[in-house]
Amino acid sequence: MYRTCRLLIVLSLLHLLSSQVLAQSNPASRVCIIGSGYSGLAAAKYMQDYGLNYTVFEATRNIGGTWRYDPRVGTDEDGLPIFSSQYKNLRTNSPYKIMEFQDYSFPEGTRSFISGGCFYKYIKSFVRHFGLMDNIQVRSLVTWVEWTGDSWNLTYMKTDTRQNYTEECDFVVVATGEYSTPKIPHIKGQELYKGKTMHSHDYKDPEDFRGQSVMLIGAGPSGLDLAVQLSNVTSRLVHSHHIIKSFKIYNQPDFPGNYISKPNVKYFTPNGAVFEDGTTEDFDIVIYCTGFYYNHPFLSTQSSGVTTTENYVMPLYQAVVNINQPTMTFIGICKPFFAKVLDLQAQYSAALAAGQFKLPTKDSMIRHWLEHVQMLRESQFKITDVNSVGQNLDKYFEALHKEAGVPLLPPVYTSMFTFSGKTLLEDLLHYRDYDYHIISDTQFKKNPNPSKEICPFDD
């Protein structure tokens, strides 16, 4: 894997050196935004602030991306995959303060950890407040984007008529998210297992599993959240993970007696699995909580200027700009991130499209990217982590601020993000029973608040 990725980096560098494209400096006359989830809507708002002519292309009938709960699995009424990974009774695992759009805040007094449904109402309220819907074109599935030499051709299919259309764009924002293409690792014996197998992407309601024997694989945010939900309804919940090895601060909660923690699966059997410690368990259903792949099938591999795989997109300057064709930006590719990061990347993209700043020369962007990749390797990141911004988010925010003039996000937001993630691991069952209040640019306080949610936004 390391040699393959290193070769791709070298090939990308050679491609960069062989194709010189001027950096964006004049306002774009036509901006095309792909996706109307959080990132795409943020980009739309800031493009509108600059008075740019823009259109958001949304494949489904609804805005909101993964924040819109859809009880269906498989495909929708237009034959499209269900893109949302939202499930019933979801609550955010971060305080809303680090999830807000720049110019649209939650009312004071709102409980910090809100439901997914309330955050979706917030997104819809944001769209109504700034009048974004007029520029959002729903039921428009983008199928191809290619560089023609002086502009982008974007082809989309209207899902109601199945007709294809192509539009010319000066600037393209890719904001399609990363929570729609499930990642299922290969484990020995998977094909022998006779029970039901699914990914957390298709998990919708804990009641669907009442009285059943279930195995969860993975202990990321979804794996831990599903463990909490399912431990209350299943007859037996086997949870295979290695979180204790990865995070020494993890305190396993006092789950009900039906919960069984297990190490990684060694191999499957027809009715269950054998684990790395030699123990065995039988179960009816396997739910993979193993993350998602990047997926950009609409980007021309020959002309787009980026190398896209399931695990990374490169080369990107500041984790946003397509170095080869700098009139294309990506929002939400970087790691780690919380919603405020996406909002800042949207502001950066809009400022670039509006000609508010000029990018460095291509040679400088190449050097910056290669130095960043080298820094990641020296910091023990995997070679496939080329889209990580590194361990210092505040330094990243400062770089975006200095270059593009976007607001400088105070360090209190990164502190809150880090602290809330730590408390999730330390007190999984109760970490949401607190409110977070910002005191200054560097400080916040946490107060108990076990009250029920009252969402301040209407449908």
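The values are calculated or read from the model by the stated rules, or taken from the named source; none is laboratory data. Owing to the predicted nature of the structure, the values given are computational and were not obtained by experimental measurement. Positions of Cβ are backbone-derived with ideal geometry, glycine not excepted, and every protein chain shown enters the neighbour counts. In case anyone asks, the SASA skips ligands and DNA or RNA and just uses the protein heavy atoms, side chains included. Shrake-Rupley method; radii C 1.70, N 1.55, O 1.52, S 1.80 Å.
Filter the stretch 439-459 down to the residues that are open to solvent by 60 Å² or more (accessible area, probe 1.4 Å), over 23 Å from Y413 (Cα atoms) and in contact with a helix residue (DSSP H, G or I) (Cβ under 8 Å, 6 or more places away or on another chain) and list them by number. Answer for the stretch 439-459, where residues must be open to solvent by 60 Å² or more (accessible area, probe 1.4 Å), over 23 Å from Y413 (Cα atoms) and in contact with a helix residue (DSSP H, G or I) (Cβ under 8 Å, 6 or more places away or on another chain): D458, D459. Of all the residues in the stretch 132-157, those that are closer than 14 Å to N62 by Cα, open to solvent by 40 Å² or more (accessible area, probe 1.4 Å) and part of a strand (DSSP E or B) number 2. If you go through the stretch 254-289 and keep only what is in a loop (DSSP other than H, G, I, E, B) and crowded, with 17+ Cβ neighbours inside 10 Å, you end up with F255, F283, D284, C289.
Select from the stretch 50-79 the residues that are among the aromatic types (F, W, Y), surrounded by fewer than 20 Cβ atoms within 10 Å (Cβ to Cβ) and within 20 Å of V142 (Cβ to Cβ) and list them in ascending order. Residues satisfying the conditions do not exist here. Every condition in (1) out of contact with any Ser or Thr (no Cβ under 7 Å at 6 or more places or on another chain); (2) hydrophobic (A, V, I, L, M, F, W, C); (3) on the phi < 0 side of the Ramachandran plot is met by M314 except one, and the failing one is (1). State whether one or more residues within the stretch 362-382 are in a loop (DSSP other than H, G, I, E, B), touching a residue at least 40 places away in the same chain (Cβ under 8 Å) and under 24 Å from V172 (Cα atoms). No, that holds for no residue.
Just so you know, in the stretch 317-331 the residues that are open to solvent by less than 10 Å² (accessible area, probe 1.4 Å) and part of a loop (DSSP other than H, G, I, E, B) include one that is farthest from M416 (Cα to Cα), and it is N324.
Among the residues making up the stretch 397-407, those that are open to solvent by 20 Å² or more (accessible area, probe 1.4 Å), touching a residue at least 60 places away in the same chain (Cβ under 8 Å) and either closer than 22 Å to P315 by Cβ or within 21 Å of the chain's Cα centre (by Cα) (or both) are A399, E403. Against the numbered list (1) within 26 Å of the chain's Cα centre (by Cα); (2) open to solvent by 40 Å² or more (accessible area, probe 1.4 Å); (3) of a type in the set (K, R), K204 comes up short only at (2).
Of these, T418, T423, T414, which one is open to solvent by 60 Å² or more (accessible area, probe 1.4 Å), within 22 Å of the chain's Cα centre (by Cα), closer than 21 Å to I114 by Cα and of a type in the set (S, T, N, Q)?
Step by step, each of T418, T423, T414 is checked, and only T418 is open to solvent by 60 Å² or more (accessible area, probe 1.4 Å), within 22 Å of the chain's Cα centre (by Cα), closer than 21 Å to I114 by Cα and of a type in the set (S, T, N, Q).
Conditions (1) at pLDDT 95 or above; (2) under 19 Å from G65 (Cα atoms), marked per residue:
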residue	(1), (2)
D277	yes, no
D284	yes, no
F298	yes, yes
P326	yes, no
T361	yes, no
V373	yes, no
S379	no, no
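Among the residues of the stretch 226-246, the ones that are surrounded by 15 or more Cβ atoms within 10 Å (Cβ to Cβ) and not in a helix (DSSP H, G or I) come to 9 in all.
The residues listed here are N251, N311; of these, the one that is surrounded by fewer than 19 Cβ atoms within 10 Å (Cβ to Cβ), more than 30 Å from G177 (Cα to Cα) and touching a residue at least 24 places away in the same chain (Cβ under 8 Å) is N251.
Summed over the stretch 80-121, the residues that are out of contact with any helix residue (DSSP H, G or I) (no Cβ under 8 Å at 6 or more places or on another chain), open to solvent by 50 Å² or more (accessible area, probe 1.4 Å) and within 19 Å of R139 (Cα to Cα) give a count of 1.
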